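> Please read through the structure below; I'll follow up with questions.
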Amino acid sequence: MDGSPQPVRVTIFNQNYSLVATGEPGSVEELAWSVDDIMHRISDETGSADVARTAVLACLHLADQVRALRRDLEGLRGSVENKARQFTIRIDAALEDR
């Protein structure tokens with residue numbers, strides 16, 4: 001793939017969309033399938049077929065997932081930084097013992 005825009009047709013919540021993928025078209029299709037799945041699950045759980053309401057609830061769901069992943073990432077960054085400091089202290093101590 002040369003990175004040039006590729007047309008992609010997807011269906012989300014029974015509506016067809018023509019999109020342009022600047023990366024791998026399969027990635028866009030996978031994302032569309034994921035959004036479609038979330039919207040159908042929300043619609044089934046709420047009993048609502050209203051597209052706008054379902055889309056807003058799907059956005060809230062995805063935003064919550066992003067927030068949780070950001071929190072996890074920050075925790076991992078902190079853990080990595082802490083481990084790096086510990087290793088630096090041990091390396092410095094080992095070098096001083098020489």
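All of the numbers you see were taken from the coordinates with simple rules; none came from a lab. On a predicted model such as this, the values are computed, not experimentally measured, just so you know. Every residue, glycine as well, gets a Cβ built from its backbone with ideal geometry; the counts of neighbours run over all protein chains shown.
> Would you confirm whether or not region 40-50 contains a residue that is on the phi < 0 side of the Ramachandran plot, touching a Ser or Thr at 6+ places or on another chain (Cβ under 7 Å), part of a helix (DSSP H, G or I) and surrounded by 10 or more Cβ atoms within 10 Å (Cβ to Cβ)? Give the derivation first.
Keep residues of region 40-50 that are on the phi < 0 side of the Ramachandran plot, which gives 40-46, 48-50.
If we keep only those that are touching a Ser or Thr at 6+ places or on another chain (Cβ under 7 Å) as well, we get 42-43, 48-49.
Those left that are additionally part of a helix (DSSP H, G or I): 42-43.
If we keep only those that are surrounded by 10 or more Cβ atoms within 10 Å (Cβ to Cβ) as well, we get 42-43.
Yes, region 40-50 contains at least one residue that is on the phi < 0 side of the Ramachandran plot, touching a Ser or Thr at 6+ places or on another chain (Cβ under 7 Å), part of a helix (DSSP H, G or I) and surrounded by 10 or more Cβ atoms within 10 Å (Cβ to Cβ).
> Also: So Arg9 fits all but one of (1) in contact with a strand residue (DSSP E or B) (Cβ under 9 Å, 6 or more places away or on another chain); (2) surrounded by 13 or more Cβ atoms within 10 Å (Cβ to Cβ); (3) of a type outside the set (Ser, Thr, Tyr); what number is the exception?
Arg9 satisfies every listed condition except (2).
> Give region 2-24 a look and list any residue that's in a loop (DSSP other than H, G, I, E, B) and under 25 Å from Asp44 (Cα atoms), or say none.
Of everything in region 2-24, those that are in a loop (DSSP other than H, G, I, E, B) and under 25 Å from Asp44 (Cα atoms) turn out to be Phe13, Asn14.
> Restricting attention to region 80-98, which residues are aliphatic (A, V, I, L, M) and surrounded by 10 or more Cβ atoms within 10 Å (Cβ to Cβ)? Talk me through it step by step, then tell me what you get.
Here is the first cut: in region 80-98, the ones aliphatic (A, V, I, L, M) are 80, 84, 89, 91, 93-95.
Scanning region 80-98 gives Val80, Ala84, Ile89, Ile91.
> Listed residues Leu76, Leu69; which is loosely packed, with under 11 Cβ neighbours inside 10 Å, over 12 Å from the mean Cα position of the chain (by Cα) and more than 29 Å from Pro7 (Cβ to Cβ)? Please lay out each step first, then the result.
Working: Leu69 fails: over 12 Å from the mean Cα position of the chain (by Cα).
From the options Leu76, Leu69, the qualifying one is Leu76.
> May I ask you to say which residue of Leu57, Leu62 is surrounded by 13 or more Cβ atoms within 10 Å (Cβ to Cβ), within 30 Å of Gly3 (Cα to Cα) and not small (Gly, Ala, Ser)? I'd like the intermediate steps shown before the answer.
Details: Leu57 fails: within 30 Å of Gly3 (Cα to Cα).
Being surrounded by 13 or more Cβ atoms within 10 Å (Cβ to Cβ), within 30 Å of Gly3 (Cα to Cα) and not small (Gly, Ala, Ser) holds for just one of Leu57, Leu62, which is Leu62.
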